[in-house]
1. Mind checking which residues of the stretch 190-207 are crowded, with 17+ Cβ neighbours inside 10 Å and farther than 25 Å from residue 138 by Cα?
2. Go through the stretch 77-123 and give me each residue that's away from ligand 2 (no atom under 15 Å from the Cβ), in contact with a helix residue (DSSP H, G or I) (Cβ under 6 Å, 6 or more places away or on another chain), under 15 Å from residue 6 (Cα atoms) and at pLDDT 95 or above.
3. I'm told residue 47 meets every condition in (1) closer than 22 Å to residue 113 by Cα; (2) touching a strand residue (DSSP E or B) at 6+ places or on another chain (Cβ under 9 Å) except one. Can you identify the failing condition by its number?
4. State the number of residues belonging to the stretch 254-286 that are in a helix (DSSP H, G or I), within 16 Å of ligand 1 (Cβ to nearest atom) and touching a helix residue (DSSP H, G or I) at 6+ places or on another chain (Cβ under 6 Å).
5. Are any residues in the stretch 6-24 part of a strand (DSSP E or B) and more than 19 Å from residue 106 (Cα to Cα), and if so, which ones?
6. Using the structure shown, decide if residue 35 is part of a helix (DSSP H, G or I), within 13 Å of ligand 2 (Cβ to nearest atom) and in contact with a helix residue (DSSP H, G or I) (Cβ under 9 Å, 6 or more places away or on another chain).
7. For the stretch 145-204, which residues satisfy the criterion of being in a helix (DSSP H, G or I) and farther than 17 Å from residue 253 by Cβ?
8. Which one is nearest to the chain's Cα centre (by Cα), of the residues in the stretch 142-162 that are within 16 Å of ligand 1 (Cβ to nearest atom) and surrounded by 19 or more Cβ atoms within 10 Å (Cβ to Cβ)?
Ligand code: KG4
Ligand code: ZN
């Protein structure tokens, strides 16, 4: 039974978790709230904050789990994609930990760990399934045939959906991260207040583009609410604009996901990543349960970046690694399986 210590520092959350098999014993997350004053993440400050927090967060995770360091078998850490300076902090901390204690080390792909976050403390998802991973850095649609056997169907060609939420929130002076704020403000607002354009990519119907929607919000604000070169916030129907923007993003995500499921004849769908916490997206996708789709979302705590999902992916690797290595069908994506010796 593997006991795993997992570390996640790909962006602006410093997180450590301890798992015994697939059971999460602790999952400590510290969010770097100071980025709010800059309206977005400042990478250099993010890495410095990880350095200050990592040891304390790891010790809290160990303490809360009741597991002694010497009983850990495997140390897992996010190896990318993410902010390079932030990743280096967690990776090097985890590798040093592994070297010092003579434990195994495994580097985990961040996108893959979001994908498996749906499994944690949740109902089983039968293969094959369509996975939508939608976060601040990624918007990707996969066909998942088995553990670690995927085909990428489409992805964003410009901004990620979460990035569009963050940028629109910044335009409206709402703070960072924008997704949860826009979600909250949209609750009782008019989502039909203005129709922002939905984008379609001709080359691949499963690809996404969100920069057009984001820019159309900017032009709409400029055209209707700019006064002497700046937006007059008092006159802006902020909540209705948030709800209308959110509707455009949510409809795009939901339509493409359902279209992929329908075209591939797949009834199971898993949606993960920070934007999967969005209440309108959950509602919109859940409407399709009536057509026989089983839709899974991670528990809210596992939607945004956290180390438990890193540990869970490491657990799956340890469980299925012999099968993975012998499975000739696994050709893509290039989610390279990193080992100790790769660093
Ligand atoms: O997965 P995550 O924590 O980090 C990345 O891997 O990027 O996702 C963060 C993103 C941010 O863009 C944030 O605005 C968005 O997820 N987000 C949301 C919500 N909660 C977080 N977007 C829409 N609605 C939410 N409730
Ligand atoms: Zn993430």
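The values are calculated or read from the model by the stated rules, or taken from the named source; none is laboratory data. Worth saying up front: this structure is predicted, and the values here are computed from it rather than measured. Cβ atoms come from the backbone with ideal geometry, glycine included; neighbour counts cover every protein chain shown.
1. Residue satisfying the conditions is 194 alone.
2. 89, 93
3. Result: residue 47 passes all but (2).
4. The initial filter retains those residues of the stretch 254-286 that are in a helix (DSSP H, G or I), namely 254-263, 274-277, 279-286.
Imposing the further condition that a residue be within 16 Å of ligand 1 (Cβ to nearest atom) reduces the set to 254, 257, 274-277, 279-286.
Subsequent filtering for residues that are touching a helix residue (DSSP H, G or I) at 6+ places or on another chain (Cβ under 6 Å) retains 254, 274-275, 277, 279-281, 284-285.
Matching residues across the stretch 254-286 total 9.
5. 13
6. No.
7. Listed by number, the residues that qualify are 169, 170, 171, 181, 184, 185.
8. Taking the candidates together, the pick is 162.
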